[in-house]
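What follows is a set of notes on a single structure, which appears directly below.
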Amino acid sequence: ALQRKTKSLVQRIHSKIVKSFPNITVTTKAREKALISYFHKILICLKEGRPLSDILDARACRIIIDKIDQNCTNEELIIELCKVVNTTLTYLIYKGYQPLPAPPAKDTSKFDPALHPDVYVPKRSYIASEYVVYVKNYVNTPKEYGYQSFHVLVKSPEGDVLEIQFRTYDMDFYAEHKLADHDTYKKEQIK
């Protein structure tokens, strides 16, 4: 039942974005956390003495946008991505969802742009000021291995938590197929 509710919500979010941004290509997909990721998060909770209920991203979806047109710069695309984040949060709040404050970002100071020349870091953040506290921003501060995404947690009126990851197509490709591949990264962290 929860999986069905997640897919229904993701479809509604997709429809809202498509209506609001007819000039961009949007892909939305529900995702289930990989077993290795659960194991990694469980280990962190145990190590830090936190309850397993702190794992809030079991239900998740990704919203991926692609270039507006061939002349679109990376900065322009990220501006559009931020507009999608802002619009999605506005929509969900209107529908009774409560955004949760983003947990503190892990240290991202180890990112070296020379090691990841294909990772574009925008000049500034374009997330609306009223939403900054709810967005974990790995776009302006990529993880050490080049991972970029905006992460938002929202709680439904029934109390279910959903994580939404917002990415460009290039960020998603990088996360899924290049150095930022999470399963490879998580396996290294567990060793």
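Write down the accessible area per residue of segment 70-117 in Å², having rolled a 1.4 Å probe over the full set of protein chains. Write out the running numbers ahead of the final one.
On the way: 2830 Å² over 48 residues.
On a per-residue basis, 59 Å².
Using only the alpha-carbon atoms, what does segment 50-170 span along each of its principal axes? Please give whole angstrom values in decreasing order.
Dimensions of segment 50-170 along the principal axes of its Cα atoms: 43, 34, 23 Å.
May I ask which of Lys7/Lys155; Lys67/Lys178; Lys5/Lys95; Lys83/Lys136; Lys67/Lys95; Lys110/Lys178 have a Cα-Cα span longer than 25 Å here?
Violating the 25 Å limit, Cα to Cα: Lys67/Lys95.
How large a share of the accessible area of segment 137-177, in percent, is made up of carbon and sulfur atoms when the probe is 1.4 Å and the other protein chains stay in place?
Summing carbon and sulfur atoms, their accessible area is 47 percent of the total for segment 137-177.
Considering amide H positions built from the backbone, and no H for Pro or chain starts, which residues 5 or more places from Thr168, or on another chain, come under 5 Å of its amide H?
Placed amide hydrogens put Ile65 under 5 Å from Thr168.
Quick one: what are the phi-derived ³J(HN,Hα) couplings along segment 133-140, Karplus 6.51/-1.76/1.60 with θ = phi - 60°, whole Hz, x for glycine and proline?
Working through the residues one at a time gives 5, 9, 10, 7, 9, 9, 7, 7 Hz.
Can you sort Lys155, Lys7 by 1.4 Å-probe accessible area, starting with the largest?
Putting Lys155, Lys7 in descending order of accessible area: Lys7, Lys155.
Apply the Karplus curve 6.51 cos²θ - 1.76 cosθ + 1.60, θ = phi - 60°, to the phi angles in segment 17-26 and return the couplings in whole Hz, x for Gly and Pro.
Karplus values, whole Hz, x for Gly and Pro: 5, 4, 5, 7, 10, x, 8, 10, 8, 10.
With the crude spin-label approximation of a point 7 Å out along Cα→Cβ, what separation in nm comes out for Gln11 versus Asp112?
Taking the two extended label points, one gets 4.8 nm.
Put a dot 7 Å past each Cα toward the Cβ at Asn71 and Lys19; how far apart are the dots in nm?
Result: 3.1 nm between the two label points.
Calculate the FRET efficiency for Arg50 and Leu100 from the Cβ-Cβ distance with a Förster distance of 22 Å, rounded to the nearest 0.05.
0.90
Give the accessible area for Asp69 in Å² (nearest 10); use a 1.4 Å probe, count only protein heavy atoms, and leave out ligands, DNA and RNA.
Taking all protein chains as shown, Asp69 has close to 80 Å².
Evaluate E = 1/(1 + (r/R0)^6) for Glu176 and Ala30, where r is the Cβ-Cβ distance and R0 equals 25 Å; express this FRET efficiency to the nearest 0.05. Write down the numbers at each step before the final one.
Working: r = 15 Å, r/R0 = 0.61.
According to the calculation, E is roughly 0.95.
What does the accessible area of Arg124 come to, in Å² to the nearest 10, when a probe of 1.4 Å is used?
Probe radius 1.4 Å; accessible area of Arg124 about 140 Å².
Once you order the gyration tensor axes a ≥ b ≥ c over the Cα atoms, which shape class does segment 136-176 get: rounded for a/c under 1.5, otherwise prolate or oblate by comparing a/b with b/c?
It comes out prolate by the Cα gyration axes.
Rolling a 1.4 angstrom probe over the protein chains, ignoring ligands and nucleic acids, what is the accessible area of Leu46 in square angstrom, nearest 10?
Accessible area, nearest 10 Å²: 120 Å².
Once phi is turned into ³J(HN,Hα) by the Karplus curve 6.51 cos²θ - 1.76 cosθ + 1.60 with θ = phi - 60°, what whole-Hz value does each residue of segment 59-67 show in order, with x for glycine and proline?
For segment 59-67, the Karplus curve yields 9, 8, 9, 10, 10, 10, 10, 10, 3 Hz.
Rounded to whole Å, give me the distance from the Cα center of segment 122-184 to that of segment 91-121.
4
The values are calculated or read from the model by the stated rules, or taken from the named source; none is laboratory data. In this text the structure is predicted, and so the values were computed from the model without any measurement. A quick note on method: Cβ atoms are made from the backbone with ideal geometry, for glycine too, and the neighbour counts reach across all protein chains shown. Just the protein is used for accessible areas: all its heavy atoms, side chains included, with ligands, DNA and RNA removed. Shrake-Rupley method; radii C 1.70, N 1.55, O 1.52, S 1.80 Å.
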